[in-house]
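Participant: Handing you a structure now.
Laboratory data are not the source of any read-out in this text; all were calculated from the coordinates shown. Given the structure is predicted, the values throughout are model-derived calculations rather than measurements. Ideal geometry is used to build each Cβ from the backbone, glycine not excepted, and the neighbour counts take in all protein chains shown.
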Amino acid sequence: MSETGDKTQEIITQVWNLVEPLVQAEGMELIEVEYRRESIGWVLRFFIDQERGISVDDCAKISRIVSDLLDVADPIPVAYHLEVSSPGLNRPLRKLDHFQEHVGKIIEVRTASPLTPILNRRNFKGRLTAANSEEITMDCDGQLFEIPMNLVERARFCYFESSKQ
């Protein structure tokens, strides 16, 4: 990973650790934190959820709480735009329980590096057949792939693909 990528990941980890307890105290779950450069500048984006779903009021409430906390803690050295959102239909999968909830469903996964030099493949789309703390198993067009959890860079549920079945 590049030096910028390392710093970005450090900021994400630090912000996640600061914000997650506050989100949980409000009865919600922090699903994902993104921090990246976009056309409008740096964007810090939180995805939150709860059983009854997320409303605009929920997003505004968490935005106010998080903004105040980040103003005090000041973990980000540059100006950024803060966004709080629901994860949407194609929700990110980040934690083990997220994967376990979606066993049997279609997901997309991008790994940090190719699984092996022979496969030379980083992107996978298929049915999640198993998930444990060490790896996930996916059926991609009849071929099974065992992907170590520590190599999963990004993963998301494919709502429209799963709803067709």
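Participant: What's the exposure ranking of Ile76, Ile107, Ile147, Ile40, going from fewest to most Cβ atoms within 10 Å?
Facilitator: Result, fewest neighbours first: Ile40, Ile76, Ile147, Ile107.
Participant: With Rg and Dmax of the Cα atoms in Å defined as stated, name the option among (1) 15.2, 48; (2) 24.6, 94; (3) 17.1, 51 computed from the structure displayed.
Facilitator: Of the listed options (1) 15.2, 48; (2) 24.6, 94; (3) 17.1, 51, (3) comes from this structure.
Participant: Under a straight-distance cross-link criterion of Cα-Cα below 19 Å, which aspartates and glutamates are reachable from Lys95, leaving out those fewer than 8 residues away in the same chain?
Facilitator: Glu10, Glu20, Glu29, Glu32, Glu34, Asp49, Glu51, Glu108, Glu134, Glu135, Glu146, Glu153
Participant: Give a quick list of GluC sites (Glu not before Pro) in the range 109-149 that DSSP marks as loop, anything other than H, G, I, E or B, with at most 14 other Cβ atoms within 10 Å.
Facilitator: Glu134
Participant: Fewest Cβ neighbours within 10 Å first, please rank Glu51, Glu32, Glu108, Glu10 accordingly.
Facilitator: In order of increasing Cβ crowding within 10 Å: Glu51, Glu10, Glu108, Glu32.
Participant: Calculate one ³J(HN,Hα) per residue across the range 29-45 by plugging θ = phi - 60° into the Karplus curve 6.51 cos²θ - 1.76 cosθ + 1.60, and present them in order as whole Hz with x for glycine and proline.
Facilitator: 10, 7, 8, 7, 10, 10, 9, 7, 7, 10, 4, 8, x, 6, 10, 10, 10
Participant: Suppose the chain between Lys61 and Tyr159 were pulled fully straight at 0.36 nm per residue; how much longer would it get relative to their current alpha carbon spacing?
Facilitator: Answer, rounded to one decimal: 32.6 nm.
Participant: Obtain the nm distance between the two label points defined at Asp141 and Gln24 by a simple spin-label model: each point lies 7 Å from its Cα along the Cα-to-C-beta direction.
Facilitator: Here the answer is 4.2 nm between the modelled labels.
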